[in-house]
1. Using the Cβ atoms and a cut-off under 11 Å, what net charge is assigned to the surroundings of VAL590, where Lys and Arg are +1 and Asp and Glu are -1?
2. Is there a quick way to get the dipole size of the chain? I mean about its Cα centre, with the Cβ of Lys and Arg at +1 and of Asp and Glu at -1; what is the value in debye to the nearest 20?
3. Quick query: amide H of GLN521 versus all other amide H atoms, modeled in the peptide plane; which residues come in under 5 Å with a sequence gap of 5 or more or a different chain?
4. Report, ordered by chain and residue number, the aspartates and glutamates lying within cross-link reach of LYS215, taken as a straight Cα distance under 15 Å and ignoring same-chain residues fewer than 8 apart.
5. From the phi of every residue in segment 35-45, what ³J(HN,Hα) in whole Hz does the Karplus formula 6.51 cos²θ - 1.76 cosθ + 1.60 yield, where θ is phi - 60° and glycine or proline is x?
6. Which order do ILE633, ILE624, ILE298 fall in if you start with the one that has the fewest other Cβ atoms within 10 Å?
7. Given bins 10 angstrom wide, list per bin the percent of all Cα-Cα distances in segment 1-60, short to long.
8. Along each principal axis of its Cα atoms, how long is segment 499-596 end to end? Whole angstroms, biggest number first, please.
Amino acid sequence: MSARAQAFYEFGPYRLEVAEKRLLRNGVPVPLTPKAFETLVALVERSGHLVEKHELIKAVWPDSFVEESNLTNNVYELRKILSQTEDGRTYIETVPKRGYRFVAPVQEPPSEALVVEKRTLTRIVTEEREEEPPSRALHAPRIRRPSPLVLASLGVIGAVAMYGGYRLIAHPFGLGKTTSGVPFEAMDIARVTTSGNITHAAVSPDGKYVANVVKDASGNSLWVKQLDAPSNVRIAGPAVTEYISVAFAPGGNVVYYITLDHDKGESALYRVPVLGGPAETLATDIYPIGFSPDGERIAFIRMRREESTVVVARADGSNQRVVATKQKPDFFELEWNAPAWSPDGKTIACPASLNDQRGHYATIIGLNPRDGTQVPLTGHRWSYAGQAVWLPDGSGLLVTASEHSGSPMQVWHIRTRDGVATQVTHDLNNYRDLSLSQDASRLVAVQVQTISNIWVAPAAAEASAAMQVRSETGALDELAWTRDGRIVYASTAGGSGADIWIMNTDGSNAKQLTVGAPVAQGLAVTPDGGQIIFSSDATGRSHLWRVDTDGGNLRQLTDGDGEFYPQSTPDGRWVVYQTESRIDPRLWKVPTDGGRPVQLTTTRAAKPAVSPDGRMVAYAYLDIDLNPSRWGIGIISSDGGQRVKRFDFPPTVTQRYVRWSLDGRSIAFVNSPGSRSDIWLQPLDGRAPRQLTDFGAEQIVAFEWSHDGRSLAFIRTVETSDAVRIQSR
């Protein structure tokens, strides 16, 4: 037997057993496709060194001719499965246009033929990006001579994705004492619902019921399902409003839920008996709630202008008291997360978005409900941190979090004694709304799967002539046109975050333009079609960047506290953009060639759109000066100053994204009456808005007209979301 066949390698919590073709994490097998396993072996065997792409392809597919994108997909799978190293780095580093490097220290077993070696590599990312232009020649995955093993693997993956209930055995999460100390290391997972339209869910304290919010053509409604019996009862709704949160009171006899009208910014708190009955309105301006252990108090997050606060109140919403405050650019993460009260009642865990000298990051903060003292519960830095839930003994928390911009929301465990964070799910789904039964035997979450498609239609918006040109698993939400009729979009297909890609109008000749500069929120193409402006958090904080449409000359344009949603002016001289992503957004502009930014608005304004003649800028905003506050469309001069026009969004608008019509006489936006999306127009002369398209899409998240005015490109998504029960084995 060869030395390679006898070898195993250890790095972090992982053990790679080559002969057994098995990867273990803390002694538990981690599922890998065969080709992904071989890719990992090839990288680990040369850890600390660059492995060229052609070497990896030859090692993994020795008897087949394959496209380079197949290797990219393997690396993408590995990055999703492997957590970060102890110092917060990824295990696999991309060397632009060359290959990959396994950067974690690796320990090999001692033997006569093998010498134990521990390698450490210093990673210098910025210099590599400056020295190496981004890759621009990756195609969509395609194997010209597929092996039976690859086809069989793909068949198994597809079959698993199609079933409503399934069992995840390998590195999942279960309860009880384990060698790693991470709960839920072995578990069964099954769907509680199968309708595919569940937006929020919570399990009762005794683990017998799941309350879930259903979104359909009639609006939102609240249901309670008995887990061990065929019982499903509607207890509230349907209503043409959004139910943004649901929770059981600690006694388990009452369900609390919160509503928020799409066109308003003020919420309402209700409670209803678990088996149905009249709903009681308790309070307004309250957001997702977490209960104290005795059920007497609630905690919630509230945002106001330049600050966010954590508020403690009685269970009926009265006697509100602010216990902690954060000023922008830092804030407690509200949408839509509830604070989590520890079992002893001494700590409230809250997700927070923070900034330091290293840039922006998300984490979980612990608050003292008596004096508001704030302490971090972990040193881990995520791109986004969401809902947290405490384990009954207080030894740790489970939390939903996204590791990097564009990566899926996964479930993590935080150990309270030392703050160590460990990823416990490793798939491409998104998880939200964690809740745990009192005995911790059942964890309930909403599991979300998204398919995104790019469509192209004639500018006249004829539904029958619309053509799908691109389809991907995951979220696509940014696109723009070049002057020569190509489409620029952000995609995670490259395996390193939401990078920029470009393709022909018919979807052919798709090419990746950037590597390691993930798109955060927004991209645009300059009027001459030569450059792409986009927002990226590559440096730790979101700034505007510029890159040529051939992938060269990457350059940073802004360096503020966070810049998003760029739009070029028609003369190409300026880029209009949004600052601040959540609390108090404003509009600014900066010269396309770089320079000093100029502020355009002093009141709230988000997601700008520049008029065809360059004289005006439209935007979406929440008007908090109205009572109640309302979402609307604002218009200002491109030179800045006071708002010159305002229009209310219809109450069925959920995607607050605006563009100008081709003639500049109307504002276009996405409207979703009956849960089907189409593009509508709001005339500037004040007439009632009218429907422009008749696509009847599941959900349109972005759209753009081509420069010649002949074509309309839009992104439509199909989201399947169900409540799942995660139970220890």
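The numbers here are math on the coordinates, done by the rules we state, and not lab data. These figures come from a predicted structure and were not determined experimentally. Cβ coordinates were reconstructed from backbone atoms using ideal geometry, including for glycine residues, and neighbour counts include every protein chain displayed.
1. Around VAL590, the surrounding residues sum to +1.
2. So the dipole magnitude of the chain works out to roughly 360 debye.
3. The list, which skips near neighbours in sequence, is SER535, TYR565.
4. Cross-link targets: GLU242, ASP261, GLU698, GLU719, ASP722.
5. Values, residue by residue: 6, 5, 4, 5, 5, 5, 4, 4, 6, 5, 4 Hz.
6. ILE624, ILE633, ILE298
7. Calculated over all Cα pairs of segment 1-60, the distribution is 21, 54, 24, 1 percent.
8. Principal extents (Cα only, largest first): 40, 30, 23 Å.
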